[in-house]
Each structure stands twice: as C-alpha cells, then as structure tokens.
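Bear in mind that the values in this text are calculations on the coordinates, not laboratory data. Remember, it's a predicted structure, so these values are computed and weren't measured experimentally. Reconstructed Cβ throughout: ideal geometry from the backbone, glycine too, with neighbour counts over all protein chains shown.
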Amino acid sequence: MPHRKLLRDAIAVDREHAFRQQTLRRLQLTAVEMGVMAVVGSIVAILIRLLIPTPEYLGLRVALLPLTALFAYLIVKAPSVRAYGFACLATIATVTFNSYLGALGTDRPLMYFLPAALIIVLSTSFFWVTLAQWVAGSLVCYAFFLPFVVEHAANRTDTIFSLFFAGMALLAGSVSHKRIHDHQRYAFDQECRLADLSVTDALTGARSRAEFLQQAEIEAVIACETEAPLTLLYLDIDHFKRLNDGHGHAAGDAVLRGMASAVQQALRDGDVFGRLGGEEFCVLLPYQNEGEAKLLAERLRTLLAAVPRPDGTLTISAGIAGMREGESIMQTLHRADLAMLKAKQLGRDRVCVAD
C-alpha cells in the first residue's frame, strides 16, 4: 500500500507542477506587452519630470530603461516558475526605483510617487503565479514607498491619504490576483476533466480499455517490486445479446450502467475498474490474492442480482487469475479470460479461478 500512496502523491505533485507551468506559459504570452508598457511608462514619467524645474538623477533614470527591458525579456524566457518570479521582481524593482528617483526633489514627493505605487501594484496583480510571488512583488514596490511616508517633511494629510490609497491598492490587487488564479485553476481543471473523458468509457464511467491496460502495466511493475499479490477479475454479463435483441440497445445500455455503478461502489479506492469491450469488464485488484478476489466476485454476484433487467435477473460469469512470478500482465489477463469462458461453459452465473 505505501507504494500506491507514494504514486498518488507523485501524481498530485505532478498535477500541481503542470498547473503552475501552464499558468507560467499563459502569463508569458503577455509578458512582451507588459515589458513594453513598463519601459514606455518609465519614459513618459521621465519626460513629465523634465517639465518640473531641476530634475534629479536623470542620467540614472535613463540608464535604468535598458535594464528594465532586459528583465522583461528574462520574464518571457524564464524556464521555471521560480526564475519567472525573480525576473518579475527585478522588473518591478527597476520600474519602482525609476519612479522613486523621479519623485525626489519635488515639493511633495509622496504625492508624486503615489500614482506609480498604486498603478504598479494593481497592474501586476494578475502577473504572478503564486501568492508568495504576489506578496514579494508588493513588498518590493512599497519598499520604495516607505521613505516618503516616514519623511519628516511629509505633511500629515499626504501621509494619511497615501497610506489609505496604498492599502486600497493592496486589497484590490490581492483580490484581482486571487480571481485570476481561480480562473486559471478552473481552466486547468476543465482541461484535466476533458483529458479524463478521453480515458473513461462514456457510458459506464469505467476506464477505457487502453487506459485500463496502461494502469495494469503500472500496477504489475509495483507488484513485482514489492512482491505483493495482484489479481485480475474478469466479468461478463450473461445472455447480453439476448437482452439487446429482445428489448433494444437502450435497455442493454441501462443494464451496463447499473452493473458498472454497482461494481464501482463495491470496490476499494485503489482498485481499477475497466470496460474491455461490449459487456466485458475487468477489475484490477492490487494487494489481493485469488481467494480474496473470489470472495469479492461472489459478493458482486449477489449485488448485481438486484440490478434491474427487463428479461430476468442480472447474472455474470467471472474469471479470476493472480499474477504469477515471471508472468506479464497480459498473460494474466488471458488466463482470467479463459477462466471466465470456463464459467460460461459450466452454465454461467458462477466464478472460476484460472488453472
């Protein structure tokens, strides 16, 4: 069982990694536009500052422009979520520092810097993959905001006004980030559901034949490594053709759905239930031997007898085969199939164990 838990945990980790990578790729599609806006916005801010007498640090502000463009380029090329986060932080730091330098030397630097502080936090709120990145980006931005707030020359009205709007920007930005993140998660979950549909039998909800056999191969590897038992239970509905011919395919489909539902409710979480074709199903039973599988098969026969069938009682023929040392899972499946055929030959409505 520990191997199954480790496998499930690994699948969950892989799924979360896939979500973050997909989110990263989607955000990178807009990174070029964001980079251009950051550079253009900085240029506009520099030009506006030239209208005010005695502009300070003009050369340094111009020098920051190519650095901002470089960091924006690194956002597009970031191979991982972590690298992406650092590139975004560097871009925000250069843009905010540029705005900070522009505010220095003005009569009311706090008011001059405030629009940039609000716009940067709000406009980049959707641009983070994780909440930690959003928090880090906001802290980097407002690190340049604090010197103006604590400056003795700043009047009380400007300070209170600035803190209020900065708080509002943080609140709005966090809500925006969460909504975008939830939208991304919903889109990812929808894609996963579509992927699940491709490996699930639409009528019964059982695994498709290809998916079942793939899962069986994985479980066979685990069984060989752990020397744990692995058993296949092959199920076939008795006289199914007669049901279809006498009552139509709609009645047959209803029986298939009822049968599949009853079987799935009786299985453990780790068991794998698949439809191999028509009225033939198979159950993969990790960590169960043939004796335990036979008890399950007999219980299923009792449960399935209660499933409605228009031409009588629903019965099944079942074959059981445990995987043997040196045997492939396909060989085990073949022996389970032969055991099921033997049950048919002996009169149906019974369980046979493979020789």
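Between the helical axis of 31-50 and the dominant principal axis of the chain, each derived from Cα atoms, what acute angle in degrees is found, rounded to the nearest 10?
10 degrees
As an exercise, find the ratio Rg/Rh for the range 289-355 from alpha-carbon atoms, using the Kirkwood inverse-distance average for Rh.
1.04
Under 25 °C and 0.890 mPa s, how fast does the range 69-198 diffuse according to Stokes-Einstein, given a Kirkwood radius computed over C-alpha pairs? Answer in µm²/s, whole number.
152 µm²/s
For helix 58-77, report the angle its Cα long axis makes with the longest principal axis of the Cα atoms of the chain; keep it between 0 and 90° and round to the nearest 10°.
Roughly 10 degrees between the two axes.
Work out how much length V40 to E225 would gain on full extension: take 0.36 nm times their residue separation and subtract the Cα-Cα distance, in nm to one decimal.
60.6 nm
Using 7 Å Cα-to-Cβ label points, what is the Q345/R185 separation (nm, one decimal)?
My value for the distance between the label points is 5.6 nm.
Applying 1/(1 + (r/R0)^6) with R0 = 22 Å to the Cβ-Cβ distance of A262 and L295, what FRET efficiency is obtained, to the nearest 0.05?
0.85
Could you tell me what a quarter of the Cα convex hull surface of the chain works out to, in nm² with one decimal place?
Seen from a random direction, the Cα hull of the chain projects 24.9 nm² on average.
Compute the projected area of the convex hull of the Cα atoms of the range 48-92, averaged over all viewing directions, and report it in nm² to one decimal place.
With every direction weighted equally, the projected area is 3.5 nm².
Take the Cβ-Cβ distance between C192 and Q28 as r, set R0 to 22 Å, and report the resulting FRET efficiency rounded to the nearest 0.05.
0.55
How far apart, in nm, are two points set 7 Å out from the Cα along the Cα-to-Cβ line at D253 and at L303?
2.4 nm
Based on the Cβ-Cβ distance from F161 to L58, what FRET efficiency comes out when R0 is 35 Å, to the nearest 0.05?
Calculated value: 0.80.
Grab the DSSP H runs of the chain that are 4 residues or longer, score each as -39,500 (n - 2.57), total them, divide by all residues and round the 222 nm result to the nearest 500 deg cm²/dmol.
-23000 deg cm²/dmol
Just the projected area, averaged over all directions, of the convex hull on the alpha carbon atoms of the range 209-353: how many nm²?
Approximately 8.0 nm², given one-decimal rounding.
Starting from 0.36 nm per residue, how many nanometres of slack lie between D311 and E280 once their C-alpha separation is accounted for?
Gain in length upon complete extension: 9.3 nm.
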